[in-house]
1. Across segment 59-71, which residue is least open to solvent (accessible area, probe 1.4 Å) among those that are more than 26 Å from N170 (Cβ to Cβ) and touching a Ser or Thr at 6+ places or on another chain (Cβ under 8 Å)?
2. Taking the condition of being over 15 Å from the mean Cα position of the chain (by Cα) and either open to solvent by 50 Å² or more (accessible area, probe 1.4 Å) or among the hydrophobic types (A, V, I, L, M, F, W, C) (or both), how many residues in segment 124-148 meet it?
3. Which count do you get for residues in segment 227-277 that are open to solvent by 60 Å² or more (accessible area, probe 1.4 Å) and outside any helix (DSSP H, G or I)?
4. Please verify whether T95 is surrounded by fewer than 18 Cβ atoms within 10 Å (Cβ to Cβ), under 24 Å from the mean Cα position of the chain (by Cα) and not small (G, A, S), treating the condition exactly as stated.
5. Give segment 148-166 a look and list any residue that's farther than 17 Å from V91 by Cβ, assigned to a helix (DSSP H, G or I) and in contact (Cβ under 8 Å) with a residue 40 or more places away in the chain, or say none.
6. Kindly provide the set of residues from segment 114-123 that are without any contact (Cβ under 8 Å) to a residue 60 or more places away in the chain and open to solvent by less than 60 Å² (accessible area, probe 1.4 Å), ordered by number.
7. Show me the helices (runs of 4 or more DSSP H) found entirely inside segment 1-113 where at least 2 residues are touching a residue at least 40 places away in the same chain (Cβ under 8 Å) and in contact with a Gly (Cβ under 8 Å, 6 or more places away or on another chain).
8. Check whether at least one residue in segment 204-223 is in contact with a Gly (Cβ under 9 Å, 6 or more places away or on another chain) and farther than 27 Å from H155 by Cβ, and report yes or no.
Amino acid sequence: QTIPTIFEVGRVEVLDAKTKEQLCFLDKVEPNATVGEIKSMFHKSYPQWYPARQSIRLDPKGKCVRDEEILQTLPVGTTATFYFKDLGPQVGWTTVFLTEYAGPLFIYLLFYCRLPFIYEEEDEFTSSPHTVVHLAGFCHSFHYVKRLIETLFVHRFSHGTMPLRNTVKNCFYYWGFTAWLAYFINHPLYTPPLYGDQQVHLALYTFLVCEVGNFSIHIALRNLRSEGSKMRRIPYPTKNPFTWLFFFVSCPNYTYEVGSWIGFTIMTQCLPVGLFTLIGFFQMTVWAKGKHHMYLKEFKDYPTFRMPIIPFLL
């Protein structure tokens, strides 16, 4: 006689990850039910905890079980026991990015137009005599308009939401840095780069090339999977020359992004821009390493020659 399993009995209990108190008991659950479906059932008992807000785990301190996991494939006993943790209020990724990117676009323009109470009264609504200031305004606006367009029409998000508290932190970072660098670039006492037009033109070329490269990579990544699919595939170079960076790195979108900000730093020769670029590079390196290791772990035939973000180095 075989020992009954969860799939024969069809029972699921959900406990609080902190107190171990039973929050919900589900009976007659199908063996092929997914964790996502368990979340929906749990939501009926606790309407305030919608599925995106739930973290369901097999161990109180373990990792969150993915929504796609099926009950009969999980290491559970005759009654499947899950532990619940509240992730807090969630915000959809599209809303997150639109908020993060629309802020810098408008904040920068406030300083560019030199609105009242930003600089001295006699400088209100005046225009900088330096061409580089106007180029910088164009480049900064172009960058964030591109990001907004990509958010609406290009990106496909594998995760549906972000915690509200993280959204607030991200907005504080993007908006705060934008105000800081815009204040100095558009300041009436701003001085152009040391090497003049030659430096500005080289930086502008670098910025534009990297922006086109970044957009090309996002299009290539979008074409890797269809709408609604969560199946991951190895990204490879396409006929577009800007995607050939895939020969050398796992995350060329980050490589181009850093390149754009390096170009903007050289163009403006502004310390806050340099700090923003440096911090962004460190953060994108962390993300790139994470994605690179995920590729290596998930795909046995993944190209080992690739580096995470910088060809041959990092």
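The values are calculated or read from the model by the stated rules, or taken from the named source; none is laboratory data. Because the structure is a prediction, the values reported are computed rather than measured. Quick reminder, even Gly has a Cβ in these numbers, built from the backbone with ideal geometry, and neighbours come from all protein chains shown. SASA here: full protein model, heavy atoms, side chains in, ligands and nucleic acids out. Shrake-Rupley method; radii C 1.70, N 1.55, O 1.52, S 1.80 Å.
1. Per the stated criteria, the residue is L71.
2. 15
3. 11
4. For T95, the condition - surrounded by fewer than 18 Cβ atoms within 10 Å (Cβ to Cβ), under 24 Å from the mean Cα position of the chain (by Cα) and not small (G, A, S) - is met.
5. Just the residues of segment 148-166 that are farther than 17 Å from V91 by Cβ, to begin with: 149-150, 153-154, 156.
Applying the additional criterion that residues be assigned to a helix (DSSP H, G or I) yields 149-150, 153.
The answer is E150, and nothing else.
6. Filtering segment 114-123 down to residues without any contact (Cβ under 8 Å) to a residue 60 or more places away in the chain leaves 115-117, 121-122.
Of everything in segment 114-123, those that are without any contact (Cβ under 8 Å) to a residue 60 or more places away in the chain and open to solvent by less than 60 Å² (accessible area, probe 1.4 Å) turn out to be L115, P116.
7. Per the criteria, 93-112.
8. No, because not a single residue in segment 204-223 is in contact with a Gly (Cβ under 9 Å, 6 or more places away or on another chain) and farther than 27 Å from H155 by Cβ.
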